[in-house]
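J.: A single structure is presented below for examination.
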Amino acid sequence: MIKTIKNILNSQLYALSLYARTIAGTLVLFVIARYLSVYDYGLFSSYKNIASFCFMFANLGYADYILVSSQANTNKVKLKISLFLVNAIFFAILICLGGCLCSLESKFLFCLVVFRTFFDSIFFSLILPYFQSAKKFNIIATINIIYAFCIVCIALVSFTLKLSLVKFLILNIVLGCINFIQCSYYAKINYFLFLYNIKSFVSMLDKSIFAYAGVAIAYYLYAQVPSLYVSTYLPKEQVALYFSALTIASVIGLLIAAQTQKMVPEMIKASIIEVKKVINRNLIFIITVTSSVLIFMAIFGKLILKLLYGQEYYTNAYGVLLILMIGNIGVAEAAVYGAYITASGNQKKKIPMQLEASILTLIGLLLLHKFGIYGAAISYLIAAIYIAIRYTLTTKILLKARQNKNE
């Protein structure tokens, strides 16, 4: 029995580590929201979302591109990682400079949020292809679990000592720097090699990168524009409500990330039968779990909001929470089918579908902007349902065409 449990844990350790990492990140937001004022939490959330949106240009689907375009060849993957990470650092500096030129409430706070975002998400995303190609999922899983534990400890210390938001962010950045050095050393990523020979590194890129970039831009348009609208145009108290709901609804995102990151390398060279098995297995798992979470939140959502954020005010986010969760279930289904679209080298087919969803999002915001955070949430829901339908149909068409070709 013990041996069986160990085998299960070993085979699912990476997925569990992603759950731990995402849950830890969510817990951190809950903890700091309990001692920050509603305004400060709204300010932090708006800066975090703006920084994430700006980093879109530093990570335009590059993680998937690195893995697929290199055909999981570890040496090629490492070279491309160095290129894109240097590019991401450059963008972090550029975003900070841009923030200093804007009329922000706190330019220094914004810069801290930018670098925390880089270390907390962008770096992990771009370094991941190395561990995927080398099939060292247990190593990155261990790193994820340790990182998750550390960020929770930092949040608890900040809560206990009532540290300012600035001190909380600095502690997170220090942890991020340590993790950056550790992962880069383990993967043997030589950033100086890129700086000495930029031209040859850039020549490694091929035109398929534009498909990944196009998909990322289109995704941000339909998935992130509602959040960006809330961050920039609504009062900070409303921002706090929206992101308190979004944080909980995004728990579904951890399922998407954990499953699809393992699906893509599994399907790159798989047969049609194997692909269908992978899709069906992951689809059943994701839909079952996400639907269960939705039902739970429908019953206990208000209580959860009050318990997690510690203030009655946040229960006003209940309706937005349910809308966003339903939207994320649609995104979860789309991600399963989208994994095959990526693995089969048809990434460019996602672009027109996501642009169509983006148009629906913008139309929704134009028509529903008077409803504030509800208008933003419904606009996202419409786009999420649409993209789920389009990805599902496209994947079925691709599989059928491949089957006909093999006959």
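J.: Between residues in the range 346-364 that are touching a residue at least 12 places away in the same chain (Cβ under 8 Å) and in the same structural domain as Arg402 (by TED's automatic domain parsing) and residues that are buried (at least 17 other Cβ atoms within 10 Å of the Cβ) and of a type in the set (Lys, Arg), which pairs lie under 8 Å by C-beta distance while being six or more apart or on different chains?
T.: Met353/Arg390; Glu356/Arg390; Ala357/Arg390
J.: Among the residues of the range 310-363, count how many are of a type in the set (Val, Ile, Thr) and under 17 Å from the mean Cα position of the chain (by Cα).
T.: Adding up the residues that qualify gives 4.
J.: Looking at Tyr309, Tyr318, Tyr340 in this structure, which one is surrounded by 18 or more Cβ atoms within 10 Å (Cβ to Cβ), hydroxyl-bearing (Ser, Thr, Tyr) and within 22 Å of Glu274 (Cα to Cα)?
T.: Result: Tyr340 is the single residue among Tyr309, Tyr318, Tyr340 that is surrounded by 18 or more Cβ atoms within 10 Å (Cβ to Cβ), hydroxyl-bearing (Ser, Thr, Tyr) and within 22 Å of Glu274 (Cα to Cα).
J.: Taking the criterion of being closer than 30 Å to Asp40 by Cα and in a loop (DSSP other than H, G, I, E, B), would at least one residue in the range 152-162 satisfy it?
T.: yes
The values are calculated or read from the model by the stated rules, or taken from the named source; none is laboratory data. Quick caveat, the model's predicted, so the values are computed rather than measured. Please note: Cβ atoms are built from the backbone with ideal geometry, for glycine as well, and neighbour counts cover all protein chains shown.
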